[in-house]
1. If one computes the Cα centroid of region A:49-109 and of region B:49-63, what distance in Å separates the two points?
2. For region B:52-208, what log10 I(q)/I(0) values come out of the Debye formula at q = 0.09, 0.10 1/Å, with one point per alpha carbon and no solvent?
3. Take every Cα-Cα pair in region B:148-208 and report what % of them are more than 20 Å apart.
4. Across region B:21-81, how large is the tail of the calculated P(r) beyond 13 Å, expressed as a percent of all Cα pairs?
5. After finding the eigenvalues of the alpha carbon gyration tensor for region A:161-209, what semi-axes result from the square roots of 5 times each, listed largest first in whole Å?
6. Taking the alpha-carbon centroid of each part, what is the distance from region B:115-145 to region B:183-201 in angstrom?
């Protein structure tokens, strides 16, 4: 059964506070549930500025050097009393780190978190580091800073210089220590996220074997056939829609004619 | 009198046939939509989310489907535009709050490349709304009611963004899809979600 068409919106419906309240709740829920929400809902992504390398690879454009970012938090009951947010100044940011309140502990404050970009030196086994290494240091005037269980909620984001599928974030607690791959999720077009482990080095890396930037001959052929197939399906869908619409119009006209004839027969 | 009694069932049959649910039409629309998403992904490659040519190919494909489906031009009135603007402002709130909490009240003032980007974004977002909240919404609403149409449109909207932003943005995109569908029902025109969608996209330039 087809439902009757909705009546045109009346002016008072635009003031329906219940609608707007429900809308606000839905958006808030979506935002809270998304593990790494991005401030984009659609369209064409924002053009990022070229990646700022500490040591630019050959052939990359010269840019200004990336800079160190730092943030401080006072302590309350021995743990950080505020949310710490570090975002590098590039468009879009190459690194950002959010440390929740209570995630860092020290004998006396304030606690300073610093993120410093470095050129990669030792790479994780079997991978190539893509971009800079970011060293996170935690410092307090009273001595060492430790991470609490709350630090599991901290997330570090790294932007990749190129759009390479399968980037993985790697971490090592100190130079010379072995790298370990962190559970990495895609948090944006070219942004990757992982749970903050502790102070140490963070970097994105891709598998060294196999090129990810250029398609092989077989891959290109597959893309071509895939594109053709998609085009054919699209055109077919459009043709079918037009044909069905035309048939529907004819049917409606026939029905209208019949209705008119019926009406004419009514006493 | 005799003719009246024999004709009435025939009239009912005509009305039933005209009112029959168009499930096949919905499937065709969804197949075309899937093909459009695939085309966008193939044209854009790994850089699909930022690729303007891929975005424009996608928009053209959606407009083709919208025209083929015979979707009518949306009703545009001051109220529809106000509802769209209010909806756009609402879906921007989380992004603005996140930006302010992370970076403070700092907005990008760079306008280099903005005009071309804004034009392409507006075209892509409007084409998406014309399809999702226009053609697809109308087809599903005729068959299963506006509530189901909102859900189907939101699901398609969220899945469309999966290759662009990954699984992590899925809940938010689903919620925003529901809101845009709600706006469509609330305002009675797909112009309202189109205004909201374009507005939210354009605001993101200043929140970089």
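1. If we compute the Cα centre of each part, the gap is 35 Å.
2. -0.28, -0.35
3. Details: 485 of 1830 pairs.
Pairs farther apart than 20 Å: 27 percent.
4. On the way: 1225 of 1830 pairs.
Everything past 13 Å amounts to 67 percent.
5. Numbers: eigenvalues 75, 33, 13 Å².
They are 19, 13, 8 Å, listed largest first.
6. One Cα centre to the other: 9 Å.
Laboratory data are not the source of any read-out in this text; all were calculated from the coordinates shown. Keep in mind that what you see is a predicted model, and the values were worked out from it rather than measured.
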